[in-house]
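Have a look at the structure below, then the notes.
The values are calculated or read from the model by the stated rules, or taken from the named source; none is laboratory data. All values derive from a computational prediction rather than experimental measurement. Backbone-built Cβ (ideal geometry, glycine too); neighbour counts: all protein chains shown. Ligands, DNA and RNA are excluded from the accessible area calculation, which covers all protein heavy atoms including side chains. Shrake-Rupley method; radii C 1.70, N 1.55, O 1.52, S 1.80 Å.
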Amino acid sequence: MRKTIAIVGAGPGGLTLARVLQTHGVAATIYESEASATTRAQGGLLDIHEETGQVALRAAGLYDAFRTLVRPGEDAKRVVDRHGTILFDRPADPASARPEVDRGELRRLLIDSLAPGTIKWGHKLASVRHRGEGGYELAFAEGPTTRADLVIGADGAWSKVRPLLTPAEPDYTGTCFIEIALAPGGRESRASVAAIGGGTLMAVAPGKGIIAHRCADGQVRGYVALNKPEEWLRSIDFGDPSAGPRRLADEFAGWSPLLTAFVTRSDAEPLLRPIHALPVGLRWDRVPGATLVGDAAHLMSPFAGEGANLAMYDGADLAGKLVEEPDVEAALTAYEERLFPRSRDAADRSAKNLEVFFGQEAPQSVAALFDRS
Ligand SMILES: Cc1cc2nc3c(=O)[nH]c(=O)nc-3n(C[C@H](O)[C@H](O)[C@H](O)COP(=O)(O)OP(=O)(O)OC[C@H]3O[C@@H](n4cnc5c(N)ncnc54)[C@H](O)[C@@H]3O)c2cc1C
């Protein structure tokens, strides 16, 4: 292909897209706002699904390398109620179809697989416009503009490429996350860490929950989840050391101290993360020379565990279509015809699971969900 391809964003979607294109001899440039590969810690775990993320990694020729990153034992799942009573307990499965990897390690694998110079770090897209004579002009927060025949938005939730295709914007789902962490070895926290079991603990009740994951290095990372209106988000400052942690702990009054210790003893900066989602079933009319992959196309709550998996799958699928189909518009049409139903189904599941997790039937609804899976 002789067309110039600009991919905006070096997340799982953009990186997989560039990698699969390159394995077929097609060049692409990724423009990424972060200054370097190490600017931001990419903590957290991702379970990589057999039918999406793993398919993409095979297409990228990285499946064997991915297997070396798998963290055996960390796919165990436990659901408890506010008293710590175990309602569901699934031990780790060495043959799991959804093994867990560290998000940062997976990103590093994808970055290192690309030809040197593929990623232009420190290029924050400010705007993109269609040029009358064809192709696009990309303007960045700093530095000169650039041109491309084909522009692909892999720039996540607040995509600057998305407005080329649709006016849709993410809405707040009504659930927010606050990060928590426990350093390994704390004597006071030992019983709480043991209560996690081998992998992930989900302690849930209507409107709230504590999700804690125990890593192989003994570190515990996770989130407090709360259903709260937008006004509440604006009124709260969990970072205020005089009141923030206490207000957060107050949300769990009456819960087992084994569980509240994840909140009161957390040494993470209590970053508030409102969970947003694009409308379920979002689609757009074909726009010549432009499309979206990953969260830019179908941001959803993390409760189907699909976001990064689908982003990689989208990237691999789009690359495959561009390689197979000499006509770019035919390739983009074929990609989007598969993208829209795929993302609608996952976004629908994810929206329903958010209700399963924090609706009135929790925690029994969560135990039943895992029982069925
Ligand atoms: C708390 C939480 C837990 C999650 N757990 C899971 C899970 O277990 N499994 C799973 O599959 N998914 C999970 N997800 C979802 C997953 O993180 C995302 O769906 C996934 O990262 C999307 O990948 P992406 O490549 O589309 O976008 P992103 O990962 O958001 O990457 C976008 C990239 O674009 C860059 N960028 C943004 N704006 C610009 C700009 N203007 N110019 C240039 N670059 C830009 C960003 O810096 C970033 O590098 C979770 C999400 C959250 C919030």
Can you pull out the residues in segment 255-281 that are among the polar types (S, T, N, Q) and within 16 Å of the ligand (Cβ to nearest atom)?
Ser266
Let me spell it out: the conditions are (1) open to solvent by 20 Å² or more (accessible area, probe 1.4 Å); (2) within 12 Å of the ligand (Cβ to nearest atom), and Pro144 meets all of them except one. Which number is the exception?
(2)
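Assigned to a loop (DSSP other than H, G, I, E, B), acidic (Asp, Glu) and more than 14 Å from the ligand (Cβ to nearest atom) - does that describe any residue in segment 48-60?
no
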Do you know which of the residues in segment 157-183 that are among the small types (Gly, Ala, Ser) and either farther than 14 Å from Ser33 by Cβ or open to solvent by less than 20 Å² (accessible area, probe 1.4 Å) (or both) is farthest from the ligand (Cβ to nearest atom)?
Ala183
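Could you tell me how many of the residues in segment 1-33 are part of a loop (DSSP other than H, G, I, E, B), within 10 Å of the ligand (Cβ to nearest atom) and over 30 Å from Ala216 (Cβ atoms)?
Of all residues in segment 1-33, those part of a loop (DSSP other than H, G, I, E, B) come to 1-4, 9-11, 24-28, 32-33.
Within this subset, residues satisfying the condition of being within 10 Å of the ligand (Cβ to nearest atom) are 9-11, 32-33.
Okay, now just the ones that are also over 30 Å from Ala216 (Cβ atoms), so 33.
Qualifying residue count for the region: 1.
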Identify the residue in segment 282-301 that is within 11 Å of the ligand (Cβ to nearest atom) and in a loop (DSSP other than H, G, I, E, B) and, among all such residues, is farthest from Leu354 (Cα to Cα).
Val293
If you go through segment 13-45 one residue at a time, how many are at pLDDT below 95 and buried (at least 24 other Cβ atoms within 10 Å of the Cβ)?
0
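It is to be established whether one or more residues within segment 34-43 are under 30 Å from Trp158 (Cβ atoms), hydroxyl-bearing (Ser, Thr, Tyr), assigned to a helix (DSSP H, G or I) and within 13 Å of the ligand (Cβ to nearest atom). Talk me through it step by step, then tell me what you get.
Initial filter on segment 34-43 (under 30 Å from Trp158 (Cβ atoms)): 34-43.
With the extra rule that they be hydroxyl-bearing (Ser, Thr, Tyr), the set shrinks to 36, 38-39.
Remaining after also requiring assigned to a helix (DSSP H, G or I): none.
Within segment 34-43, not a single residue is under 30 Å from Trp158 (Cβ atoms), hydroxyl-bearing (Ser, Thr, Tyr), assigned to a helix (DSSP H, G or I) and within 13 Å of the ligand (Cβ to nearest atom).
Which of the strands (runs of 3 or more DSSP E) contained wholly in segment 74-147 include at least 1 residues that are in contact with a strand residue (DSSP E or B) (Cβ under 8 Å, 6 or more places away or on another chain) and farther than 30 Å from Ala60 by Cα?
Values: elements: 77-80, 86-90, 100-102, 125-130, 136-140.
Output list reads 77-80, 86-90, 125-130.
Against the definition (open to solvent by 40 Å² or more (accessible area, probe 1.4 Å) and either at positive phi or not aromatic (Phe, Trp, Tyr) (or both)), how does Arg107 come out, yes or no?
Working: open to solvent by 40 Å² or more (accessible area, probe 1.4 Å): no; either at positive phi or not aromatic (Phe, Trp, Tyr) (or both): yes.
Here the answer is no, as Arg107 does not meet what is asked.
Given the options Arg265, Arg344, name the one that is within 17 Å of Ala168 (Cβ to Cβ) and among the charged types (D, E, K, R). Don't jump to the end; show me each part of the working.
Working: Arg265 fails: within 17 Å of Ala168 (Cβ to Cβ).
Exactly one residue qualifies, and that residue is Arg344.
For every residue, the table says whether it meets (1) open to solvent by less than 30 Å² (accessible area, probe 1.4 Å); (2) at pLDDT below 95.
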| site | (1), (2) |
| --- | --- |
| Ala316 | yes, no |
| Lys321 | no, no |
| Ala330 | no, no |
| Tyr335 | yes, no |
| Phe340 | yes, no |
| Arg344 | no, no |
| Gln364 | no, no |
| Ala368 | no, no |
| Arg372 | no, yes |
